[in-house]
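Scroll down for the structure; my scribbles are underneath it.
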Amino acid sequence: MMRGGAQERPREPPKRGIDIELGIDVSSSLAESGGKVPFELSRLRRCNRCDGNTFRTGSSCAVCNGRGVHRRESTVTVTIPSNVAHGHRLRLRGLGNEHPIGTPGDLILMVRVDPGEGRRWESERLVQTLYVPYTTMLLGGNVEFSTPSGRTIRMQIDAGSQPGDRRRIPNEGWKKGPLDLELAIEDVGELTSEMIETLEKLRTLGL
């Protein structure tokens, strides 16, 4: 049975600015120790002339053209926690895009730890390129390389290895995670006449 009287209109959800998602690059030493990092942030801010009052009113504003917001840049300082993981997300509430008549969104920063020269991140896995002489790729042998922590490791390369092959070294990556080594052929630079002569002989043998 329906009762008389006016029905209450459903409440509109609170108006809110759009979140901003950015990456922030930090050195491995800063990721370990933590600290403050300043950076330039560009975002929509409430109009400093009409204070957002021209939004959806049909009125004009020389600054925001009736949108109630306009883009401004400012310097923001973010605190990086100590021992932060690569890919960690920091949420800075209220530092996203502002809404002309609502609350501002959040700024979400993804921490990207500098992997160091010759290394790269694949998701949260650290990959290091290991350059190997061509003859060692074919015949096998030992090569030495430095880990992110500075340790020198000697590793056996199997005969018949190919560029792109990978080896996983436990506990030698970032924060004691695994380190993936990706094999690549070492650049020998300019060939000497002796090298060229030897290669010509190998070519006649079908190599």
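Considering each residue of the stretch 184-207, count those that are within 36 Å of the chain's Cα centre (by Cα) and either surrounded by 10 or more Cβ atoms within 10 Å (Cβ to Cβ) or closer than 11 Å to Thr135 by Cβ (or both), and give that number.
Number of matching residues: 4.
Kindly check whether there is at least one residue in the stretch 129-147 that is touching a residue at least 12 places away in the same chain (Cβ under 8 Å), within 30 Å of Glu32 (Cβ to Cβ), charged (D, E, K, R) and not assigned by TED's automatic domain parsing to the domain that holds Ala31.
No, every residue in the stretch 129-147 fails to be touching a residue at least 12 places away in the same chain (Cβ under 8 Å), within 30 Å of Glu32 (Cβ to Cβ), charged (D, E, K, R) and not assigned by TED's automatic domain parsing to the domain that holds Ala31.
What are the pairs, 6+ residues apart or on separate chains, where a residue within the stretch 79-102 that is farther than 18 Å from Cys47 by Cβ has its Cβ under 9 Å from a residue that is aromatic (Phe, Trp, Tyr)?
Ala85/Trp174; His86/Trp121; His86/Trp174; Gly87/Trp121
Of the residues Gly96, Gly66, Gly105, which is part of a loop (DSSP other than H, G, I, E, B) and on the phi > 0 side of the Ramachandran plot?
Gly66
Restricting the stretch 169-183 to residues that are of a type in the set (D, E, K, R) and either modelled with pLDDT of 95 or more or part of a helix (DSSP H, G or I) (or both), which is surrounded by the fewest Cβ atoms within 10 Å (Cβ to Cβ)?
For the stretch 169-183, the residue satisfying everything is Lys176.
Any residue that is of a type in the set (D, E, K, R), exposed (fewer than 15 other Cβ atoms within 10 Å of the Cβ) and not assigned by TED's automatic domain parsing to the domain that holds Lys175 - is there at least one of those in the stretch 99-110?
no
The values are calculated or read from the model by the stated rules, or taken from the named source; none is laboratory data. Predicted model only: the values in this text are computed from it and were never measured. With ideal geometry, Cβ positions are generated from the backbone for all residues, glycine too; neighbour counts draw on all protein chains shown.
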